Amino acid sequence: MPSEATGGARDQMRAANYRVMFDVEDDHWWFVGRRAIVLAQIEDALAKAEPRLQRQILDIGCGTGATLAHLQRFGSVQGIDVSPLALRYCRERDQHRVLCATATDLPFSGDAIALVTALDVIEHLDDDLRGVREIERVLRPGGTAIIFVPAFQSLWGPNDDQSGHKRRYRLPELQRVVEEADLDVERISYANMAMFVPIWLGRRVLTALGQAGQPENEINHPVINHLLARLFTAEARLLRRHRFPFGVSIVCMARKRNHRWLK
């Protein structure tokens with residue numbers, strides 16, 4: 001069991017990470033690219049939705065809140081996060097429909113939500129299946145979940161430790177968890193393929209140089225950030241039609257079954 005001092009140091013690191021996230025989330029290439037991919041997946045998912053669907057949207061693990069504003073164009077958005085500090089940052093962004101809650105015990109009734117996003121969330125959970133089952137429970141029949149997770153244990157690096165990750169996934173592993181939760185996988189792929197080798201090498205260099213404690217989102221340069229943002233964002237269009245063979249992350253679009261509810 002970690003010592004009290006170790007736990008305190010970890011809490012300080014996570015607090016620092018939230019500050020960095022709040023500062024960079026609007027413009028950093030990682031968040032820009034992830035957001036583009038997720039929003040494209042949502043557009044495709046809602047194009048198939050019934051027009052009468054009332055779009056209540058839930059962002060699980062909303063962090064410091066930058067994604068909430070982008071989701072508002074699809075419906076009425078609420079966010080939850082386990083960190084009160086993260087929620088304070090959300091309110092600084094003028095995002096006030098946020099609650100402190102856990103992903104494995106969502107404070108919502110069943111069949112209530114049209115769209116759930118869980119972006120880099122379920123890898124934090126001791127019981128990821130329980131978390132995805134909660135997503136299934138709160139979704140309306142025919143509702144959609146967009147799940148984004150880190151891929152490949154071989155890419156484990158400082159950011160995984162700082163963020164409190166429990167695991168990184170391979171595509172079949174994530175698909176198994178989603179399907180065991182009784183969601184139908186409509187689309188699943190690795191993402192951020194171009195950065196797979198650079199990130200694999202970079203994390204090993206950071207560890208070898210003893211820089212494992214530095215938040216990775218602080219390692220950046222404006223020119224490089226612009227180029228990487230364009231590269232990552234370009235995947236949003238490709239992932240609408242293609243499945244990548246590898247990548248730094250996995251994106252999954254899944255839908256709650258509605259055959260029991262047809263009349």
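Please treat every number below as a calculation from the coordinates, not as lab data. Values in this document were obtained by computation on a predicted structure and should not be read as measured data. Using ideal geometry, Cβ is built from the backbone for each residue, glycine included, and neighbour counts are taken over all protein chains shown.
Numerical summary
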| item | result |
| --- | --- |
| Rounded, prolate or oblate (a/c below 1.5 giving rounded, otherwise prolate when a/b exceeds b/c) for the range 85-180 by Cα gyration tensor | oblate |
| Long-range amide H partners of T117 with built H, under 5 Å | L58, D59, I60, I146 |
| Segments 97-104, 32-39, 247-254, 69-76 sorted - mean Cβ within 10 Å per residue, highest first | 247-254, 32-39, 97-104, 69-76 |
| Cα gyration tensor shape for the range 33-113, rounded if a/c is under 1.5, else prolate or oblate | oblate |
